[in-house]
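Have a look at the structure below, then the notes.
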Amino acid sequence: MAPKKPLTDRIAEAEEKLKKLKAAKQRLESVQRARETKLKRQQDTRRKILVGAVVLANVDMGKFPEVELLDMLNKGLTKPTDRELFNLPPLTPTPNPAPQGGEARAAGQARGADPQAHQPPAASVFPG
């Protein structure tokens, strides 16, 4: 029969094993969180595609006015590349006084563009 290891050695081995198991658990939890995040992004993208498809189908059938959709897009799209996709005119910057203190963050969204400054184009921008 093999002699027993001293108690301090057995405790040290158990602590090392526990440390390795905790690290493995943390890696598994990280992988699971990444999977969940990816699934949520995919579901969000699918929802947006389906909403867009339904809205465009309603525009095509005359159940939703294209002018109203273009107006929503004109007001909601601020990135130049997004606006170009729908043949919307570029936004012109609006001069804003420099915000003071805590107002800087709140004013950040108002800085740079006035989406209501332009009217949507008269021609259809939707294929179909």
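Filtering the range 38-73 to residues that are free of Cβ contacts under 8 Å to residues at least 40 places away in the same chain, among the β-branched types (Val, Ile, Thr) and open to solvent by 70 Å² or more (accessible area, probe 1.4 Å) leaves THR45, ILE49, VAL51, VAL54.
Considering (1) in a loop (DSSP other than H, G, I, E, B); (2) at pLDDT 95 or above; (3) not charged (D, E, K, R), the lone condition that PRO89 does not fulfil carries the number (2).
Taken as a whole, the structure leaves LYS40 outside the set of residues that are at pLDDT 95 or above and over 25 Å from the mean Cα position of the chain (by Cα).
Taken over the range 77-86, residues that are open to solvent by 90 Å² or more (accessible area, probe 1.4 Å) and either charged (D, E, K, R) or assigned to a loop (DSSP other than H, G, I, E, B) (or both) amount to 2.
The values are calculated or read from the model by the stated rules, or taken from the named source; none is laboratory data. Since we're looking at a predicted model, the values are computed, not measured. Every residue, glycine as well, gets a Cβ built from its backbone with ideal geometry; the counts of neighbours run over all protein chains shown. Surface areas here come from the heavy atoms of the whole protein model, side chains and all, with no ligands, DNA or RNA. Shrake-Rupley method; radii C 1.70, N 1.55, O 1.52, S 1.80 Å.
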